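First comes the structure, then the notes that go with it.
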Amino acid sequence: MANARSEHASLIDRIASIPNAPAETPRKPQSVADMLAEIGESAEKAGADITDAMTVFGRIMAGIGKAFVSPRYLRPTSIIHHMEYAGLNAVPIIALMSFLIGAIIAQQGAFQMRAFGAEIFTVDLVGILVLREIGVLLTAIMVAGRSGSAFTAEIGSMKMREEIDALKIIGLDPVEVLALPRVVALILV
């Protein structure tokens, strides 16, 4: 190593003495049986993931059904907090996106309608598209993308810090405490 300080020489010598181990390359299937075994393992993992997702979905649906029968299972403070986060706090970005998309539609629509002499209908085009079609779709995409990813990150962080395990230990159902208020808030927003 060139231009290294003398005080780092012992560390450099120590690192140089470590043998270079080749990186493990993924094992390639040797036969058709190995390929089928890998496909089976992948299918089994995918099936387990789908089963887990359906279990959580079923527990959320059961919680919503339980809340319809007895609203005491709902946590109004948590639901209102998540409604504010997913709905009210998302309004500025949704308004900005709607404005920009409306401006682009107006510009492109006017350009295309000019060939037919129908530029005057650009305002109607923008009004119908943004208010009836694109506005609803854009809002749904923004709420799902923004709020969904934030909820996922928040629950993932709780899992990492073992807060979900703590909820189980004190006798609370994590789906009822964490997932149900978020889902109900997204439904209401």
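Restricting to the range 17-56, what's the tally of residues that are modelled with pLDDT under 95 and of a type in the set (A, V, I, L, M, F, W, C)?
Counting residues in the range 17-56 that are modelled with pLDDT under 95 and of a type in the set (A, V, I, L, M, F, W, C) gives 11.
Got a sec? Which of Ser157, Ser147 is modelled with pLDDT of 90 or more and of a type in the set (S, T, N, Q)?
Ser157
May I ask you to say which residue of Ala37, Ala110, Ala67, Ala43 is part of a helix (DSSP H, G or I), under 24 Å from Val143 (Cα atoms), over 20 Å from the mean Cα position of the chain (by Cα) and among the aliphatic types (A, V, I, L, M)?
Criteria check complete, one pass: Ala67.
Would you be able to say whether some residue in the range 74-91 is assigned by TED's automatic domain parsing to the domain that holds Ser149 and farther than 16 Å from Arg182 by Cβ?
yes
Name the pairs: first residue in the range 45-57 and on the phi < 0 side of the Ramachandran plot, second residue surrounded by 10 or more Cβ atoms within 10 Å (Cβ to Cβ) and at pLDDT below 95, Cβ to Cβ under 8 Å, at least 6 apart or on different chains?
What qualifies is Val56/Val175; Val56/Ala179.
Of the residues that make up the range 57-66, is at least one of a type in the set (Val, Ile, Thr), at pLDDT 95 or above and either surrounded by 10 or more Cβ atoms within 10 Å (Cβ to Cβ) or in contact with a strand residue (DSSP E or B) (Cβ under 8 Å, 6 or more places away or on another chain) (or both)?
No: the range 57-66 contains no residue that is of a type in the set (Val, Ile, Thr), at pLDDT 95 or above and either surrounded by 10 or more Cβ atoms within 10 Å (Cβ to Cβ) or in contact with a strand residue (DSSP E or B) (Cβ under 8 Å, 6 or more places away or on another chain) (or both).
Under 6 Å between Cβ atoms, at least 6 apart or on separate chains: pull out the pairs that start in the range 121-140 with a residue that is over 22 Å from Asn89 (Cβ atoms) and assigned by TED's automatic domain parsing to the domain that holds Ala90 and end on any residue that is surrounded by 12 or more Cβ atoms within 10 Å (Cβ to Cβ) and at pLDDT 85 or above.
Filtered contacts from the range 121-140: Thr122/Ala106; Thr122/Gly109; Thr122/Ala110; Leu125/Gly109; Val126/Gly102; Val126/Ile105; Val126/Ala106; Leu129/Ile105.
Conditions: (1) outside the structural domain of Val184 (by TED's automatic domain parsing); (2) on the phi > 0 side of the Ramachandran plot. Gly117 meets all but one. Number of the miss?
The failed condition is (1).
So which residues in the range 115-168 are among the β-branched types (Val, Ile, Thr) and farther than 23 Å from Ile79 by Cα, if there are any at all?
Ile120, Thr122, Val123, Val126, Ile128, Val130, Ile134
For Ser98, are the conditions met, namely being exposed (fewer than 10 other Cβ atoms within 10 Å of the Cβ) and out of contact with any strand residue (DSSP E or B) (no Cβ under 6 Å at 6 or more places or on another chain)?
So Ser98 does not fit the description; no.
This table checks each residue for (1) touching a helix residue (DSSP H, G or I) at 6+ places or on another chain (Cβ under 8 Å); (2) under 30 Å from Gly148 (Cα atoms).
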{"position": "Ala33", "(1), (2)": "no, no"}
{"position": "Met61", "(1), (2)": "no, yes"}
{"position": "Ser78", "(1), (2)": "yes, yes"}
{"position": "Leu88", "(1), (2)": "no, yes"}
{"position": "Ile93", "(1), (2)": "yes, yes"}
{"position": "Ser98", "(1), (2)": "yes, yes"}
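Among the residues of the range 159-189, count how many are in a helix (DSSP H, G or I), touching a helix residue (DSSP H, G or I) at 6+ places or on another chain (Cβ under 7 Å) and of a type in the set (A, V, I, L, M, F, W, C).
The total comes to 12.
The values are calculated or read from the model by the stated rules, or taken from the named source; none is laboratory data. The shown structure was predicted, so the numbers you read here are calculated from the model rather than taken from an experiment. Using ideal geometry, Cβ is built from the backbone for each residue, glycine included, and neighbour counts are taken over all protein chains shown.
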